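Structure below; questions to follow.
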Amino acid sequence: MIGDFGMSATIAESRIAAEDFRFAFRSHPAGVAIVTADTGDGPVAMTVSSVASVSSDPPTLMFSASTRSSSSPTIRHAESLVVHLLAADQVELAKLGARSGAERFGEGTRWGRLPTGEPFYPDANWFRGRVARRLDVEGATIVVVEVIDAKPRGESPDREPAPLVYQNRQWHTLTQRSMLPPATPPFCIVYGRDE
């Protein structure tokens, strides 16, 4: 028995269908990032919507790299890489990193190399990091990155950029208009009574 629910301790071995899993996640919005790396065979870039903060001390993040991407082998074997957090006005860069076979470092794209050699997109907010761990999961690799360096604050625009969000196979942004109003305080707090 588990708790007071009368349930058997035996847990059935079952899985939901992949399409059902994807359907559920379509309603879950996610920030958009692009990951770049170069292990010596040329720069690669991959758009991801799985970046998450793990710790602030030491600064650590993680993301999932799909094995279906042609950039995955390089990103999986890189010792260091750059994670760019994209704003809404960088949606074309996100699309470029998501498009199969696209020239992600061509003449029409503003990019460069950090003094340490990693390829990067200087207009985006970025973190340079050392790959601390990898976990292979069927169809993907979870990459844990310890952040070593970041785009200097002085190089960022004075205004706070609107974030780029991916939800239900579409690109979105968050603005002041999308912010929910603050919750209404309970009656007793407004009027100072316990009624």
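So how strong a dipole does the range 18-176 carry about its Cα centre when Lys and Arg Cβ are +1 and Asp and Glu Cβ are -1, to the nearest 20 debye?
Rounded to the nearest 20 debye, it is 200 debye.
Sort His77, His172, His28, His84 so the one with the fewest other Cβ atoms within 10 Å of its own Cβ comes first. Mind showing how you got there, number by number?
Working: His77 13, His172 17, His28 10, His84 26.
Fewest to most other Cβ atoms nearby, the residues stand as His28, His77, His172, His84.
Right, something else. For the chain, modelled as a GNM with alpha-carbon contacts under 10 angstrom, which of Thr60, Thr39, Thr175 fluctuates the most?
Thr175
What list of ³J(HN,Hα) values in whole Hz, one per residue of the range 69-82 in order, does the Karplus curve 6.51 cos²θ - 1.76 cosθ + 1.60 (θ = phi - 60°) give from phi, with Gly and Pro shown as x?
These are the phi-based 3J(HN,Hα) values: 7, 5, 7, 4, x, 5, 5, 5, 9, 5, 7, 9, 7, 10 Hz.
Could I ask something else about it? What FRET efficiency would be calculated for the residue pair Ile148, Trp171, taking the C-beta separation as r and a Förster radius of 22 Å, to the nearest 0.05? Write down the numbers at each step before the final one.
On the way: r = 30 Å, r/R0 = 1.35.
Result of the calculation: an efficiency of 0.15.
Counting each DSSP H run of 4 or more residues in the chain as -39500 (n - 2.57), what helix-only mean residue ellipticity at 222 nm follows after dividing by all residues, to the nearest 500 deg cm²/dmol?
One gets -3500 deg cm²/dmol as the mean residue ellipticity at 222 nm.
Pick out which of Ile75, Ile16, Ile142 has the largest mean-square fluctuation in a Gaussian network model of the chain, springs linking Cα atoms closer than 10 Å.
Of Ile75, Ile16, Ile142, the Gaussian network model singles out Ile16 as fluctuating most.
Round to the nearest 0.05 the FRET efficiency obtained for Ala18 and Ser70 when R0 = 22 Å and r is the Cβ-Cβ distance. Numbers along the way, then the final one.
Details: r = 22 Å, r/R0 = 0.98.
Step by step, r from the Cβ atoms, then E = 0.50.
Computed from the coordinates by the stated procedures, all read-outs in this text should not be read as laboratory data. It should be emphasised that the depicted structure is a prediction, and the values quoted were computed from it without experimental measurement. Note that each Cβ is placed from the backbone with ideal geometry, even for glycine, and that neighbours are counted across all protein chains shown.
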